[in-house]
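Comments concern the structure below.
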Amino acid sequence: MSARPPPLGQLPPDALEAMRHRVDAFHDMLLGWLDMPGITLACGRWSGGAISELVPGDGACLLPQRYDGMFIGVRELRLTGVPHHLHIDLGRVERFRFTLAPSVCLGFKPSFEVRLLTSEGEWLLSLMLTTPYDGDSLNLGAASRFLKRACAQLRRHPGLTDIVVEEPVRGTPMGMALLPLLREHAGVEAQDWDEVLRALHPRAAPPVARGDDPIVLPLLRAALALPDATLVIHRDQVLVEFQTERLDGVHRFEEHGHVSWQIGAQHEHHCHLRLASVKDVQFSAQASPCQGGGLNYTLWFQTAESSGNPFRPRGYFSVTLNRPYAHGQPRLEVIQPMLDLYRRFEGAPWVSADEAFLRVLAEGPPARPTRTPHLLEQTP
């Protein structure tokens, strides 16, 4: 992660030079997007209560560097023919993130955005296609121009850019129309979203939560969609299990100012969890008597402190595969989706995997042993 300028004081020469190279690259990338017709500039987020939008109908320009030292990234962005303008510090930008995400302004159809992110994951500015749709139909020309430029900048600046296609976009009819467009501009033969995004950016950013949603929400939703899995909550003398195929997803629930997240339909079996308390998630593959000595494939959602699990103190809850074996052999149709899920989210700093899971990832799922270790020890 690149260095951020301190709030006060002068940067050391090596840090200043690194910032200069980064700012120069961001300046050139931003100029490219400002030259594209049909772009709207958005500042602020709904979570903060307001968004300001500037529409450069006659174009916009980015003035050159005016300051030295820690302020070399400060730029003035002017709209042609009008006095409206904004100031932005490119020195505080960590990366450009090309994002396809559902937008309330577009009737929850995907927006096309270039988000200028800080190291905290907030964005200072978003450049959006103003009219990506003709009525309910995708504006193929505008979408194609956006994806073509995004792919070019991903290839040219792999350390300063990434791309995110949020989960609610991928499986929609509009998302399926976008996939071949992205595949064409990426120049790859990959067949699904994950493969295309990995080809574009080997460490492509995983889906991220929106607004003030818990960071684990996209991963949890994907985990609950795994085939043949169970949501498990284990406390001292209590073990609760929900078959995930009978749950209808995750819902926000608020009562008297207290926010929890309801998993399952209101009038069916469900539970409430405080997802904001989850600080990290670990993918695990450990031998277990439940699997006859074979590997138990589990996603552990963990809190910072003990949450009462007698065998894994920080284990708040987990999603585990029910039957990863058939006749002693691994069921790849069940295990592979969990391995793919890790690959999608491995770039998140709060996601990890234990040694056994990483071994399975590298070598493939092993067969279940014919006899469990404790029986082998008892054999003469």
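Could you derive backbone 3J(HN,Hα) for the range 300-307 from the dihedral phi with the Karplus parameters 6.51, -1.76 and 1.60 (θ = phi - 60°), listing whole Hz in sequence and x where the residue is Gly or Pro?
Working through the residues one at a time gives 9, 9, 10, 8, 6, 10, 4, 10 Hz.
What does the convex hull of the Cα atoms of the range 13-200 come to per residue, in Å³, rounded to a whole number? Could the numbers behind the result be given before it?
Numbers: hull volume 23.4 nm³, N = 188.
Considering the Cα atoms of the range 13-200, their hull volume per residue is 124 Å³.
Taking the range 235-332, which GluC sites (Glu not before Pro) meet the DSSP loop condition and have no more than 14 other C-beta atoms within 10 Å? Before the final figure, lay out each step's value.
Details: sites: Glu241, Glu245, Glu254, Glu255, Glu268, Glu305; in loops: Glu268, Glu305.
Loop-located and lightly packed - Glu268, Glu305.
Rounded to the nearest 0.05, what FRET efficiency do Ala362 and Arg155 have when you use their Cβ-Cβ distance and R0 = 22 Å?
On the way: r = 27 Å, r/R0 = 1.25.
FRET efficiency, Ala362 to Arg155: 0.20.
Using the basic label-point model (7 angstrom from Cα toward the beta carbon), what is the Cys290 to Asp24 distance in nanometres?
5.6
On average over all directions, what projected area in square nanometres does the range 259-380 have, based on the convex hull of its Cα atoms? Before the final figure, lay out the partial values.
Numbers: hull surface 40.0 nm².
Here the figure is 10.0 nm², rounded to one decimal.
With only alpha-carbon atoms in the gyration tensor, what are the semi-axes of the equivalent ellipsoid for the range 137-203, in Å, largest first? Write out the running numbers ahead of the final one.
Values: eigenvalues 68, 39, 23 Å².
For the range 137-203, the semi-axes come out at 18, 14, 11 Å.
Take the Cβ-Cβ distance between Glu122 and Arg312 as r, set R0 to 30 Å, and report the resulting FRET efficiency rounded to the nearest 0.05.
Values: r = 33 Å, r/R0 = 1.09.
Efficiency, from the Cβ-Cβ distance: 0.35.
Per the Cauchy relation, a quarter of the hull surface: what is the mean projected area of the convex hull of the alpha carbons in the chain, in nm²?
Numbers: hull surface 98.6 nm².
One quarter of the hull surface, i.e. the mean projection, equals 24.7 nm².
Could you give me the ³J(HN,Hα) list for the range 231-248, computed from phi with Karplus coefficients 6.51, -1.76, 1.60 and θ = phi - 60°, whole Hz, x at Gly and Pro?
8, 10, 10, 10, 10, 4, 6, 9, 9, 10, 10, 10, 5, 5, 5, 9, 9, 9
Want the number for His84 to Cys43: 0.36 nm per residue separation, take away the alpha-carbon distance, what's left?
Working: separation 41, 0.36 × 41 = 14.76 nm, distance 1.34 nm.
Answer, rounded to one decimal: 13.4 nm.
List the relative contact order of the range 149-261 as a percent without decimals, with contacts defined as Cα pairs under 8 Å and 6+ residues apart.
Working: 93 pairs, mean separation 19.3, N = 113.
Normalised by residue count, the contact order of the range 149-261 is 17 percent.
Report, in whole Å, the centroid distance computed from the Cα atoms of the range 341-372 and the range 99-141.
34
Can you show me the helix-derived [θ] at 222 nm for the chain, built from DSSP H runs with n ≥ 4 at -39,500 (n - 2.57) apiece and divided by the number of residues, rounded to the nearest 500.
Values: 9 runs with 102 residues, N = 380.
Mean residue ellipticity, 222 nm, calculated: -8000 deg cm²/dmol.
Express as a percent, rounded to the nearest 5, the fraction of DSSP beta bridges in the chain (both residues included) that run antiparallel.
Details: 65 of 73 bridges.
Of the beta bridges lying entirely in the chain, close to 90 percent run antiparallel.
List the residues whose amide H sits under 5 Å from the amide H of Ala229, counting only those 5 or more places along or on another chain, with H placed 1.01 Å from N in the peptide plane.
Hits under the 5 Å cutoff: Thr244, Glu245, Asn322.
Contact order normalised by length for the chain, with contacts defined as Cα pairs under 8 Å and 6 or more residues apart; what percent is it?
10
Taking θ as phi - 60°, what are the ³J(HN,Hα) couplings along the range 147-162 by the Karplus curve (6.51, -1.76, 1.60), each to the nearest whole Hz, with x for Gly and Pro?
5, 5, 5, 4, 5, 5, 6, 4, 6, 7, 10, x, x, 10, 9, 8
Compute the FRET efficiency between Glu53 and Ala326 as 1/(1 + (r/R0)^6), taking r as their Cβ-Cβ distance and R0 = 56 Å, and round to the nearest 0.05. Spell out each step's value before the answer.
Numbers: r = 55 Å, r/R0 = 0.99.
It comes to 0.50.
Since every read-out is calculated from the coordinates, none of them should be taken as a lab result. Everything numeric in this text was worked out from a predicted model, so none of it was measured. We place every Cβ from the backbone using ideal geometry, glycine too, and count neighbours over all the protein chains shown.
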